[in-house]
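> One structure coming up, written as structure tokens, with questions to follow.
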Amino acid sequence: MAEDESPDKMTIIAFSGDLDKLWPTMILSSTGAASGLDVTVFHTFWGLFPLVRDDVRVTGDNAMTKMLAGMNPPGFQRAKLSKLNMGGAGKWMMRRLAGQHKVMPPEDLFDICLDMGVKIWPCQMTMDLLGIRPDQLRPGLGEPAGAATALSEMSRSKIQLFI
Amino acid sequence: MAEDESPDKMTIIAFSGDLDKLWPTMILSSTGAASGLDVTVFHTFWGLFPLVRDDVRVTGDNAMTKMLAGMNPPGFQRAKLSKLNMGGAGKWMMRRLAGQHKVMPPEDLFDICLDMGVKIWPCQMTMDLLGIRPDQLRPGLGEPAGAATALSEMSRSKIQLFI
Amino acid sequence: MAEDESPDKMTIIAFSGDLDKLWPTMILSSTGAASGLDVTVFHTFWGLFPLVRDDVRVTGDNAMTKMLAGMNPPGFQRAKLSKLNMGGAGKWMMRRLAGQHKVMPPEDLFDICLDMGVKIWPCQMTMDLLGIRPDQLRPGLGEPAGAATALSEMSRSKIQLFI
């Protein structure tokens, strides 16, 4: 019975930190929560960077991790398009188009997700690897979790997506 | 019982418009339909561009959306590889290799999918955002749908993939 | 009943051959197997290249496939980052960071997966298309399989991911 007791779960692995992939993650999560799904999003690898607070300019605990964060700036606002970013022009256009059509930016959808009870978990291993400290992440997140926890959540979910 | 009444559904979110990702989407969809699965493909974001008719050169309803479509030409035939595209040479080679090994191009697999009853849904929000009109899309598609509809379809599916 | 008899399966479609995506594939697979899941990984398209043996420098059976393999060198060791690869510097840094934090490289996780009974299947169509022969692949893999087999495995799995 164990698996059938929570039939309304969705788990998303948010691997990408690109703006164009943050949108479907946040739209599916907030829409899912609004439809009554119990939603968990596990942010790992590049997907962890957007969860860094806006006032943190660079993360990392050594030359390598600082350099990676320097080239891949953290925070929702700094997320780039995976293609046609054009030095920020594509990103700017996409955000502007979204605004014109009343599509909320990912950072606002993130707030709505938290309000609606979506569980947003940072990946512990990625935090260690990239030298990102808990106090550098946005408030409201769940405890850092590992692959075993994410798998357990997925195995009890009706919908699992890797984005 | 609702969820168990349609145990043979597969839902794919076709987010990417790249040639190399259109292939698995179309191969899994047509093979799934041939195996008796009830298949739905929800084309969103970059994944909507390939569904534009071949005779439509540029989509968009303002300078920004026209420019995006100009840099990311619509239609299956114009889809690029996500890597090693090499100004079209990689794409040309991959299509040629496929032809030599009797692997159908995505546009032919799309036709087969429609023939086999695969439901192909354009994302309403993407159409609004990118200024793509219904009459610019290939015939045979389902009504434009939103995230809530896609989620509902996924929650009743045994297989859900984000490609 | 057929679908409910094996409730503890996970199937991953490993489409990407990038180093940063090989990690989640191999971490989820090995962790899943350790948690008692019956895991199958279907390596297709770019995802087939990492399975080529380290001593095979170039694969392919004609000028085009040799050229593609030359530009996308096969083997786990030669896999690049999908972004910030920086001519190999990013890849080198990420492997070094992983080593410092006791995160095993994908090729070692692959060995552990095999030891733990994870089924790793090469895609037959990709082998044909790219001219990769069975003897060029690492030992321990399952028989080459097609989309229908992968779909059948997925439809009997609680977790399906496209990575």
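The values are calculated or read from the model by the stated rules, or taken from the named source; none is laboratory data. These figures come from a predicted structure and were not determined experimentally. Heads up, the Cβs are rebuilt from the backbone with ideal geometry, glycines too, and the neighbour counts pull from every protein chain shown. When the accessible area is computed, the model is the full protein with side chains, heavy atoms only, and any ligands, DNA or RNA have been set aside. Shrake-Rupley method; radii C 1.70, N 1.55, O 1.52, S 1.80 Å.
> Can you name every residue in the range C:92-109 that is charged (D, E, K, R) and more than 26 Å from C:PRO139 (Cα to Cα)?
First, pick out the residues of the range C:92-109 that are charged (D, E, K, R): C:95-96, C:102, C:107-108.
Selection gives C:ARG96 alone.
> Kindly indicate whether any position in the range B:75-84 is open to solvent by less than 10 Å² (accessible area, probe 1.4 Å) and over 30 Å from C:LYS66 (Cα atoms).
no
> In addition: Suppose the filter is over 13 Å from the mean Cα position of the chain (by Cα), surrounded by fewer than 17 Cβ atoms within 10 Å (Cβ to Cβ) and more than 12 Å from every other protein chain (Cβ to nearest Cβ); does A:ASP54 pass it?
yes
Yes or no, residue by residue, for (1) surrounded by 16 or more Cβ atoms within 10 Å (Cβ to Cβ); (2) more than 10 Å from every other protein chain (Cβ to nearest Cβ); (3) without any contact (Cβ under 8 Å) to a residue 60 or more places away in the chain:
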{"position": "C:ALA63", "(1), (2), (3)": "no, no, yes"}
{"position": "C:MET71", "(1), (2), (3)": "no, no, yes"}
{"position": "C:PRO105", "(1), (2), (3)": "yes, yes, yes"}
{"position": "C:ASP115", "(1), (2), (3)": "no, yes, yes"}
{"position": "C:LEU151", "(1), (2), (3)": "yes, no, yes"}
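> Do we have any residue at all in the range A:128-143 that's within 12 Å of chain C (Cβ to nearest Cβ), surrounded by 22 or more Cβ atoms within 10 Å (Cβ to Cβ), in contact with a Gly (Cβ under 7 Å, 6 or more places away or on another chain) and among the hydrophobic types (A, V, I, L, M, F, W, C)?
Looking for residues that are within 12 Å of chain C (Cβ to nearest Cβ), surrounded by 22 or more Cβ atoms within 10 Å (Cβ to Cβ), in contact with a Gly (Cβ under 7 Å, 6 or more places away or on another chain) and among the hydrophobic types (A, V, I, L, M, F, W, C), one finds at least one in the range A:128-143, hence yes.
> Given the condition of a type in the set (A, V, I, L, M) and farther than 24 Å from C:ILE132 by Cβ, answer yes or no: does some residue in the range C:57-71 qualify?
We begin by selecting, within the range C:57-71, every residue of a type in the set (A, V, I, L, M); these are C:58, C:63-64, C:67-69, C:71.
Those still in the list that are farther than 24 Å from C:ILE132 by Cβ too: none.
No: zero hits.
> Exactly one condition in (1) open to solvent by 10 Å² or more (accessible area, probe 1.4 Å); (2) at pLDDT below 95; (3) of a type outside the set (A, V, I, L, M, F, W, C) is not met by C:THR31; state its number.
(2)
> Here's a follow-up. Give the range A:85-103 a look and list any residue that's over 21 Å from A:LEU28 (Cα atoms) and open to solvent by 60 Å² or more (accessible area, probe 1.4 Å), or say none. Even if it seems obvious, please write down each step before you answer.
Kept after step one, since they are over 21 Å from A:LEU28 (Cα atoms), are these residues of the range A:85-103: A:85-90, A:92-93.
Within the range A:85-103, A:MET86, A:GLY87, A:TRP92 meet the criteria.
> Ok, one more. Evaluate the range C:28-51: report whether one residue or more is in contact with a Phe, Trp or Tyr (Cβ under 7 Å, 6 or more places away or on another chain), at the interface with another protein chain (Cβ under 8 Å from one of its Cβ atoms) and aromatic (Phe, Trp, Tyr).
yes
> Looking at the range B:118-159, which of its residues are under 14 Å from A:ILE159 (Cβ atoms) and touching an Asp or Glu at 6+ places or on another chain (Cβ under 8 Å)?
Passing the criteria: B:SER155, B:ARG156, B:LYS158.
> Being touching a strand residue (DSSP E or B) at 6+ places or on another chain (Cβ under 8 Å), at pLDDT 95 or above and over 29 Å from C:LEU37 (Cα atoms) is true for just one of A:ILE159, A:ILE132. Which residue is that? Even if it seems obvious, please write down each step before you answer.
Working: A:ILE159 fails: over 29 Å from C:LEU37 (Cα atoms).
So the residue among A:ILE159, A:ILE132 that is touching a strand residue (DSSP E or B) at 6+ places or on another chain (Cβ under 8 Å), at pLDDT 95 or above and over 29 Å from C:LEU37 (Cα atoms) is A:ILE132.
> When the range C:9-27 is examined, which residues are found to be charged (D, E, K, R) and within 7 Å of another protein chain (Cβ to nearest Cβ)? Explain how you work it out, then say what you get.
Within the range C:9-27, the first condition is being charged (D, E, K, R), and the residues that meet it are C:9, C:18, C:20-21.
Scanning the range C:9-27 gives a single hit, C:ASP20.
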